[in-house]
Each structure stands twice: as C-alpha cells, then as structure tokens.
Amino acid sequence: MISLTNFLTRGGGILLPPPLDIAGIPISMAYGIRRLRTAYAGPAIRVRRSTDNAVADIGLTPAGDLDVNTLMSFVGAASGYVTQWYDQSGNSRHVAQSVASQQPRIVNAGVPEMSNSRPAVRFIHASSTVLTNPTSTGTALKSGYIGAMLFVMECVPGSSVGGWGSVNNPRWQAHTDHGEGDLMFDPGNGATARVLVLNSANENRLMQYSCVAGASQGAIYTNGTLMAAGGKPVATSIGTFDLGGITAFPYYHDAHISEFILLGDAPTDASRQSIGSNQSQYFGLGTH
C-alpha cells in the first residue's frame, strides 16, 4: 500500500504516486529530483559547493520533492554542482562526474536551477558536462537493444540527452540535430535504426519524451503522442552509459534535464502512458 505521504502534489491539488510504483515493468535506471519509487529512502543528488568544494547529499522531503531548503542552506550564495545523481531503481547505477569542470549545475550563484517551477539539473555544452555509469547495454537492456527511456528535458539544437554511443556505430541514444533541435533516437545504429521527430516547435520548452526500442522498430512519443517510428534495433553491447551527453563524440546537452527513467524492456502502451503521464503532470505539462 502506498502511503499518502509519498504522493507528490502539483497545482490544483492533484495527488501523484511515484511513477515507478505504477510502472509494472523492470526499471533499469532512474534519476529524478523527486521520489520516483516509494521504497526508495536515499538521497536524490550529491552536490559540490563552489566556495570550498565541500560536498553534501541532498535528500527528499516527506512529500517526495527535492529538499530545496537543505540544498540552499548548504550552497548559500555560491553555485552548486551535481557530482552524483542517485539511481532510484534499486540497482545502484548512480551516474557521477569526478571532474569539477564537467559537473552539471543545480544552483547558480545562490539561485536554484528551475524549469517549469521545478528544480532541474542544468547541463552546459561549453563545459562538456556529463554524468556517467559503467553499466553496459548488455546489462541494462533486454537482449536485442530492447528497452525504453522516458525523460523530461528542454530540447535545444546540438544536444545529447544520453544513452550509449560510439563515434560511428553501434549506439543507443537520444540526441538532437545541430541546426533545428529535431529529436533523434538511435536504438542500435544511427544509419539504419534512426527514428527522427521534427521538433523545432518545442525548442527551449520543457517536454516529456518517450523513446521506445521494441523487437522490430523504435518509436518516439512526445507528451504521450506517437510522433515517429521506424528502424530496427541491432544487438551489440556498448559500455558506459552517459547522461547529459555522449562522451565518445563528444556531444553534450545544453539545457535542463529534470528526470530520466530507463526501462530494461519495451513497455506496454499502458505502462508507457502511466509513467509518461505521471511525469507530465508533475512537471506541469498537462496529461496524456
């Protein structure tokens, strides 16, 4: 039974359960600035303070939101950078960055990073910010590159949301076009398995996206609506998962990422809709 203290509220008094409680499918990785699973009792992020490089874990409130008061009490008028984003899936696949200059930002000169009135992690292309974990596709995904990622981010041209990749192929990642911000999902091969959505109308807007790699093709959904499908995933294991960039290119995100959930299998339509709608409602993006 889910305790009401673990329901997250959004404007209008809507009660939302943590999204992974209603997923009904194996979760491989999960990173958020809220509680994503009722059973999760750990912190959300580890933050480095710019004034003295001290670090502290920042947890969640009883309601399940990021504890911004503790964050700001620790950082103060300085800037705060995420050294580790904790995995709430239960698999302990935390993403981290030890190089200070490549750590994404959560507080900018005493002001919390926000998107749609919610805290968010700000990745910066010019600084090559990225968080990584050594887990390979062979471990994180079902055999044959089958899986899905559901995330909330601001889409900008020339950015990489994350995944696995090499300079050429194979790759399993979501990224945007250099010129217009079109969203691309490469579930195995950037030449033969690419799915592309003309997304320039959503540039610089916080949106919910779902990239699904099934046994026969890939697909992209925006706020629950199917936008494109095609390609065929191929099965080749790739090492090191990147969030907020792809280090092999190099190719980095240049905006906020609010939440990222990786599924270790292709979800049913009902599961995808449940998670995606939960994300959209929490971040004020409507319902699916």
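The values are calculated or read from the model by the stated rules, or taken from the named source; none is laboratory data. A quick note: this is a predicted structure, and the numbers were derived from the prediction, not measured. Cβ placement follows ideal geometry from the backbone for every residue including glycine, while neighbour counts extend to all protein chains displayed.
Considered as a group, the residues in the range 79-111 that are surrounded by fewer than 17 Cβ atoms within 10 Å (Cβ to Cβ) and touching a residue at least 12 places away in the same chain (Cβ under 8 Å) include one that is nearest to Pro134 (Cα to Cα), and that residue is Ala96. Identify all residues within the range 194-214 that are β-branched (Val, Ile, Thr) and within 16 Å of the chain's Cα centre (by Cα); write none if there are none. Val212, the sole residue that qualifies.
Based on this model, can you work out whether Gly214 counts as surrounded by 16 or more Cβ atoms within 10 Å (Cβ to Cβ), over 24 Å from Gly32 (Cβ atoms) and modelled with pLDDT of 90 or more? Quick ask: steps written out before the conclusion?
Numbers: surrounded by 16 or more Cβ atoms within 10 Å (Cβ to Cβ): yes; over 24 Å from Gly32 (Cβ atoms): yes; modelled with pLDDT of 90 or more: yes.
Judged against the criteria, Gly214 is a match.
Kindly indicate the residue of the range 218-227 that is among the small types (Gly, Ala, Ser) and crowded, with 20+ Cβ neighbours inside 10 Å and also modelled with the lowest pLDDT among those meeting that condition. For the range 218-227, the residue satisfying everything is Gly218.
Select from the range 91-113 the residues that are in contact with a strand residue (DSSP E or B) (Cβ under 8 Å, 6 or more places away or on another chain) and either modelled with pLDDT under 95 or part of a strand (DSSP E or B) (or both) and write down the one among them that is farthest from Ser28 (Cα to Cα). Spell out how you get there, then give the answer.
Taking the range 91-113 first, the residues in contact with a strand residue (DSSP E or B) (Cβ under 8 Å, 6 or more places away or on another chain) are 91, 93-98, 100, 103-108, 112-113.
Of the ones still in play, those that are also either modelled with pLDDT under 95 or part of a strand (DSSP E or B) (or both) are 95-96, 105-108, 112.
On the way: Val95: 13, Ala96: 16, Arg105: 25, Ile106: 24, Val107: 28, Asn108: 31, Pro112: 29 Å.
That would be Asn108.
Counting only residues that are surrounded by 21 or more Cβ atoms within 10 Å (Cβ to Cβ) and β-branched (Val, Ile, Thr), the range 234-284 holds 5 of them. Does Met72 fit the bill of being at pLDDT 95 or above, surrounded by fewer than 19 Cβ atoms within 10 Å (Cβ to Cβ) and among the aliphatic types (A, V, I, L, M)? Yes.
Filter the range 227-252 down to the residues that are of a type in the set (S, T, N, Q) and over 11 Å from Ser160 (Cα atoms) and list them by number. Steps first, please.
Let us first name the residues in the range 227-252 that are of a type in the set (S, T, N, Q), namely 236-237, 240, 247.
Correct list: Thr236, Ser237, Thr240.
The residue pairs whose first member lies in the range 127-151 and is touching a residue at least 12 places away in the same chain (Cβ under 8 Å) and crowded, with 23+ Cβ neighbours inside 10 Å, whose second member is of a type in the set (D, E, K, R) and part of a helix (DSSP H, G or I), and whose beta carbons are closer than 8 Å, counting only pairs six or more residues apart or on different chains, are Ala148/Arg272; Leu150/Arg272.
Candidates in the range 155-190 are the residues that are out of contact with any Phe, Trp or Tyr (no Cβ under 9 Å at 6 or more places or on another chain) and of a type in the set (Val, Ile, Thr); of these, the one that is modelled with the lowest pLDDT is Thr176.
Could you pull out the residue among Ala191, Ala140 that is hydrophobic (A, V, I, L, M, F, W, C), over 28 Å from Ile25 (Cα atoms) and more than 13 Å from the chain's Cα centre (by Cα)? Give the derivation first.
Numbers: Ala140 fails: over 28 Å from Ile25 (Cα atoms).
Only one candidate passes the filter, namely Ala191.
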